[in-house]
Amino acid sequence: MKLRLLAAASAALLAASPALAQSKPTPAEAKAFVDKAEAELAAFNLYVAKAAWVRATYITEDTQWLEAKASGEQNELATRFAKQAAKYDGVAVDPVTARKLKLLKLYLVLPAPDRPGAAQELATLGSRLDSTYSTGKFQYKGKTLTLNDAEDVLASSRDPAELKAVWEGWHSIATPMQSDYAELVKLANEGSRGLGYKDTGALWRSGYDMEPDAFAAETDRLWKQVEPFYKNLHCYVRARLNDKYGDAVQKRTGPIRADLLGNMWAQQWGNIYDVVAPKSAPSSYKLDDLLVSHGYDPVKMVKTGENFYSSLGFSPLPQTFWERSQITRPRDREVVCHASAWDINDRDDIRIKMCTKVDADDFYTVHHELGHNYYQRAYADQPFLFKNGANDGFHEAIGDFAGLSALTPTYLKQIGLLDTVPGEQEDIPFLLKMALDKIAFMPFGLLVDRWRWEVFSGEVDPAHYNAAWWDLRMKYQGLTPPAERPADAFDPGAKYHVPGNTPYTRYFLAHIYQFQFHRAACRQIGWKGPLHRCSIYGEKEMGKKFEAMLAMGASKPWPEELAAFTGETRTDAQAVADYFQPLNVWLTKQNKGEHCGW
Ligand code: X8Z
Ligand code: ZN
């Protein structure tokens, strides 16, 4: 409370004093302002983080109220600072202050309008949307299913009728979100415009050390680099689905039915590996089964992840990580199961929040989440505004980079999950499995924000939310829903990051950065074989260099940080092509005679 009054008082003073308001501020004043704003935001963060953690791990009306209150107050404070920061535009400040001023303007994902009650309203909508998603349930065959249950069916069932029913069941939980979402878009846009951005989409595109339009063009360029490969994979998978299910379920041409791909959002297809596996080259193991047969439990999965990072020279996780993390779904209360990593006090109180299952998907997710935690700890000595990733794509790529090695058979043997490392004959099966997750993901990683950019810009109004979503699903992924969607459907709301208001282009970028990190790391350790067989496990020298990049946090423009580890200054999807090269050749051969595309 005291904080707010102080900030309001200084704003009033500025407005009331013509001399102060008109004369250009000095660099020293700019720096003093930044120092004060940074200190206040840092102090506030602990309170917001604790309230958010309690709500996410114990969803009730009360915890939603508490989180919304804290987050509303933070929004007011940060919006005020962002507005004040704009007053120092054009002042000749030092580079550190300049960067911090810029970061102050980008601090909020959804800035609130600067009028009484608006921040609170926005925070309440945000908390309610996230909670509606996280507590979503539906009926199927007389049973109540959670998202976890539904995901299990999507991953393992091969009955098209069942897949369709469960897919539709989960998507039905989003219908009531649409009006809240439309309201939230209005408020956030008003807030973003107040800060000088065209709309909230432009604000989101401004976090990449380049103009927002240039960033949009950059993502187009990167997509063009991978699109032919995706089309190749799509073509191959569609043919195998057609072989299995026949024309009545999946035609051999045109788009793929979204519920047949092993994942609720068809964003990673690894779960249908058995359906598309090459007959000529069988894979000798299934990670899901290895984890179960070796007695893994959720905690052992996380310990295994920790061990991977320790092998690179990262210090073990603190005791409080184990005491305070949520590793499994609690039996008796509602929680946000969507995995996340937290940095509660901007120092050492790091945690993950997962509803871990013992399967290959969560084996990957554990490495992914821990990557966030190790990043957070690496930049803990930076000033508060630099305690962040070089950009948000970096933050998502750290754990995925670790995961690329942790999924290699070489590593699985080192930790005793495999007895022997399969020979070359399993390269294609391995790469196909990886591509089903990594390459299949890329158009999805792109389209979630393409949709939100259109929504925030007003190009798409609420009446067309769902149609626009499926236009993009068709355009980028080549997918259709299992049947025509009901008129009131709000399918984007059935994907966590939409009600959760987490920007998504970060994952698209991460799917490129991780291969750039991997390629660079493998070069550093002197690896001469194919990239998909390279594992960085145990490479302390390389790990030190990697940690040095992480320690820079958000203190430098990302190209400089990328260069510090890789020697490269551009995002380069060629690294993806390099990794998958043999598979792309193989797919092209398999697709002979097919009519690829949709
Ligand atoms: O949301 C996540 C992480 C948490 S940052 C589990 N991911 C995206 C998703 O699940 O949609 C990782 C891959 C993409
Ligand atoms: Zn993540």
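The values are calculated or read from the model by the stated rules, or taken from the named source; none is laboratory data. Just so it is clear, the model here is predicted, and its values are computed rather than measured. So basically every Cβ, Gly included, is an ideal-geometry build from the backbone, and we count neighbours across all protein chains shown. Calculation scope for accessible area: heavy atoms of the full protein, side chains included, ligands and nucleic acids excluded. Shrake-Rupley method; radii C 1.70, N 1.55, O 1.52, S 1.80 Å.
Just checking: which of the helices (runs of 4 or more DSSP H) contained wholly in region 518-598 hold 1 or more residues that are farther than 29 Å from P228 by Cβ?
540-551, 558-566
When you go through A150, A202, A188 one by one, which is the residue that is aliphatic (A, V, I, L, M), under 20 Å from the mean Cα position of the chain (by Cα) and buried (at least 18 other Cβ atoms within 10 Å of the Cβ)?
After ruling out the rest, the residue left standing is A202.
Within region 512-521, identify whether any single residue is out of contact with any Cys (no Cβ under 8 Å at 6 or more places or on another chain), open to solvent by 10 Å² or more (accessible area, probe 1.4 Å) and within 16 Å of ligand 1 (Cβ to nearest atom), and answer yes or no.
Within region 512-521, not a single residue is out of contact with any Cys (no Cβ under 8 Å at 6 or more places or on another chain), open to solvent by 10 Å² or more (accessible area, probe 1.4 Å) and within 16 Å of ligand 1 (Cβ to nearest atom).
Inside region 157-176, can you point out the residues that are assigned to a helix (DSSP H, G or I) and loosely packed, with under 13 Cβ neighbours inside 10 Å?
Correct list: A161 only.
For region 435-490, what are the residues that are aliphatic (A, V, I, L, M), assigned to a helix (DSSP H, G or I) and more than 16 Å from ligand 1 (Cβ to nearest atom)?
V455, A463, A467, A468, M474
List the number of the failed condition for G529; all other conditions in (1) closer than 24 Å to L412 by Cβ; (2) within 18 Å of the chain's Cα centre (by Cα) hold.
Here G529 clears every test but (2).
Taking the residues in region 379-434 that are within 21 Å of the chain's Cα centre (by Cα) and among the aromatic types (F, W, Y) as candidates, determine which candidate is nearest to T571 (Cα to Cα).
Restricting to residues being within 21 Å of the chain's Cα centre (by Cα) and among the aromatic types (F, W, Y), the top hit is F394.
Any residue that is over 29 Å from W558 (Cα atoms), in contact with a Leu (Cβ under 8 Å, 6 or more places away or on another chain), more than 12 Å from ligand 1 (Cβ to nearest atom) and not hydroxyl-bearing (S, T, Y) - is there at least one of those in region 335-354?
no
The rows are residues; the columns are (1) over 21 Å from L110 (Cα atoms); (2) without any contact (Cβ under 8 Å) to a residue 12 or more places away in the chain.
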| position | (1), (2) |
| --- | --- |
| V185 | no, no |
| S192 | no, no |
| L195 | no, no |
| D199 | no, no |
| M210 | no, yes |
| A217 | yes, yes |
| V226 | yes, no |
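Residue check, V275 against (1) away from ligand 1 (no atom under 16 Å from the Cβ); (2) open to solvent by 30 Å² or more (accessible area, probe 1.4 Å); (3) under 30 Å from E151 (Cα atoms); (4) in contact (Cβ under 8 Å) with a residue 12 or more places away in the chain, all met but one. Which one?
Evaluating V275 over (1) away from ligand 1 (no atom under 16 Å from the Cβ); (2) open to solvent by 30 Å² or more (accessible area, probe 1.4 Å); (3) under 30 Å from E151 (Cα atoms); (4) in contact (Cβ under 8 Å) with a residue 12 or more places away in the chain leaves (2) as the failure.
Under 7 Å by Cβ, and 6 or more places apart or on different chains, what pairs join a residue from region 61-90 that is in contact (Cβ under 8 Å) with a residue 24 or more places away in the chain with one that is among the small types (G, A, S) and open to solvent by 50 Å² or more (accessible area, probe 1.4 Å)?
Cβ pairs passing all conditions: A86/G196.
Do the conditions hold for D419, that is, is it more than 16 Å from ligand 1 (Cβ to nearest atom) and over 23 Å from P228 (Cα atoms)?
It is true that D419 is more than 16 Å from ligand 1 (Cβ to nearest atom) and over 23 Å from P228 (Cα atoms).
Would you mention how many residues in region 91-116 are part of a helix (DSSP H, G or I) and either without any contact (Cβ under 8 Å) to a residue 24 or more places away in the chain or open to solvent by 30 Å² or more (accessible area, probe 1.4 Å) (or both)?
The number of residues fulfilling the criteria is 7.
Is it true that T57 is touching a strand residue (DSSP E or B) at 6+ places or on another chain (Cβ under 9 Å) and under 27 Å from R331 (Cα atoms)?
So T57 passes the test.
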